[in-house]
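The values are calculated or read from the model by the stated rules, or taken from the named source; none is laboratory data. Just so it is clear, the model here is predicted, and its values are computed rather than measured. Using ideal geometry, Cβ is built from the backbone for each residue, glycine included, and neighbour counts are taken over all protein chains shown. For accessibility, only protein heavy atoms count, side chains too; no ligands or nucleic acids. Shrake-Rupley method; radii C 1.70, N 1.55, O 1.52, S 1.80 Å.
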Amino acid sequence: QVQFVESGGGLVQPGGSLRLSCAASGIIFSSYRMDWYRQAPEKQRELVASITSGGSTNYAVSVKGRFTVSRDNAKNTVYLQMDSLKIQDTAVYYCNTAPPLTQYWGQGTPVTVSS
């Protein structure tokens with residue numbers, strides 16, 4: 001069964017850092033591009049960062065230069081290093097394949113940036 005389990009979120013002050021993890025199961029992880037999404041309160045889910053099976057990365061303009069996506073295929077895990085966090089980064093963060101397996105969204109991990 002396909003499952004995505006996100007972790008690592010929390011409360012952090014502006015300018016702080018967090019490292020999110022997403023453990024995937026039930027898929028041939030190494031063959032998928034993996035995406036990080038976020039959904040802020042009362043807003044639509046948006047794509048934040050992507051990493052291909054070969055390790056190429058892409059970022060939303062709003063996070064470029066501050067977030068870094070990486071993966072460990074041996075652990076079936078994708079990471080999101082978030083630095084210089086801003087209040088507007090507050091959201092629930094999710095991972096999924098590209099295109100997303102929409103019936104298998106995980107619970108996400110909440111990130112709150114507040115002073």
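Would you mind working out the accessible area per residue for the chain, using a 1.4 Å probe, and quoting it in Å²?
Heavy-atom SASA per residue in the chain reads 53 Å².
Sum up the charges of everything whose Cβ sits under 14 Å from the Cβ of S21, counting Lys and Arg as +1 and Asp and Glu as -1, but leave S21 out.
Charge balance in the 14 Å sphere: +1.
Under a Cβ-Cβ cut-off of 12 Å, what is the net charge of the residues other than R38 that fall near it, where Lys and Arg count +1 and Asp and Glu count -1?
Overall, the nearby charge balance is -2.
Could you work out the relative contact order of segment 1-109, using alpha carbon pairs under 8 angstrom and six or more residues apart, expressed as a whole percent?
Result for segment 1-109 is 36 percent.
Give, in nm to one decimal, the length gained when the segment between Q88 and A40 is fully stretched (0.36 nm per residue of separation minus the Cα-Cα distance).
16.4 nm
Given +1 on the Cβ of Lys and Arg, -1 on the Cβ of Asp and Glu, and no further charges, what dipole in debye does the chain carry about its Cα centre, rounded to the nearest 20?
140 debye
Can you pull the percent of segment 23-85's accessible area that's carbon plus sulfur, 1.4 Å probe, other chains left in place?
Percent of accessible area from carbon and sulfur atoms in segment 23-85: 46.
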